[in-house]
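**Student:** Before I ask anything, let me first share the structure, which is written out below as structure tokens.
The values are calculated or read from the model by the stated rules, or taken from the named source; none is laboratory data. From a predicted model like this one, the values you see are computed outputs, not experimental measurements. Ideal geometry is used to build each Cβ from the backbone, glycine not excepted, and the neighbour counts take in all protein chains shown.
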């Protein structure tokens, strides 16, 4: 079976042509988002048409799987369904990009933690039940997200300036990272020229200072992991996994060896009978695997 997998994020869209026997046949990346909350629906359709045509080279395929950011509710799926229908694509399945990432990382069953600009915990069992925790947006506490770490670092630096918090090397590190002269100026990043991604990118500063031994930075990382472990536990319980389940990870924060090591250590201490697994594929292949599984389940029901 031949499937096109789509991983549509908030900044770029990835396409893959995947054969269940031969594996990856082709892949394409387009530096345009496929989140219709960020760009017009017509633009999303344009991205889909261009990406699918390029990755398939115009050849026929059986089904499309799309894992898209900003697609969490029935109304969202309806919008994307109408796009595919207008394109003449009859066989497709749509999910949140976190579900597609889970498919890519674990093969569709297990728990996944995504830590990028935002964060979310997603679980799926063998029955197809999907559970989640977090992922509510930067205005809420998305523990172990880049924005959360960076925001807590800014608060810690300001607390030290106000005399109500302990000394932290985060102040000088943030000045260097953002290119500002005084920590007071950090507020302009939030109120005058707000850029969520720019703020979130300072998470690397928190991780670097924590690795160097800054106690405030270490406490921020410890807090984010403790809260994420609680959510992992809840998602695993809702999926009915018990103590034994597969766990994997995705997102830019895991590019930090320090963060990956700390997450792995905390996870294995909390869930000694579970398996900490390196992700096998990305969300683009995960979307294709999800589509193939959907096709198979649908045909079994017909029989």
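**Student:** Among residues belonging to the stretch 24-56 that are outside any helix (DSSP H, G or I) and touching a residue at least 40 places away in the same chain (Cβ under 8 Å), point out the one that is surrounded by the most Cβ atoms within 10 Å (Cβ to Cβ).
**Tutor:** By that ranking, first place goes to 36.
**Student:** Only residues that are within 17 Å of the chain's Cα centre (by Cα) and within 23 Å of residue 149 (Cβ to Cβ): list them for the stretch 250-281, please.
**Tutor:** Passing the criteria: 250, 251, 252, 253, 254, 255, 256, 259, 260, 263, 278, 279.
**Student:** Quick one: in the stretch 249-279, of everything that is in a loop (DSSP other than H, G, I, E, B) and under 23 Å from residue 197 (Cα atoms), which residue is modelled with the lowest pLDDT?
**Tutor:** Looking at residues that are in a loop (DSSP other than H, G, I, E, B) and under 23 Å from residue 197 (Cα atoms), I get 251.
**Student:** Evaluate the stretch 115-134: report whether one residue or more is part of a helix (DSSP H, G or I), farther than 19 Å from residue 294 by Cα, in contact (Cβ under 8 Å) with a residue 12 or more places away in the chain and not assigned by TED's automatic domain parsing to the domain that holds residue 205.
**Tutor:** no
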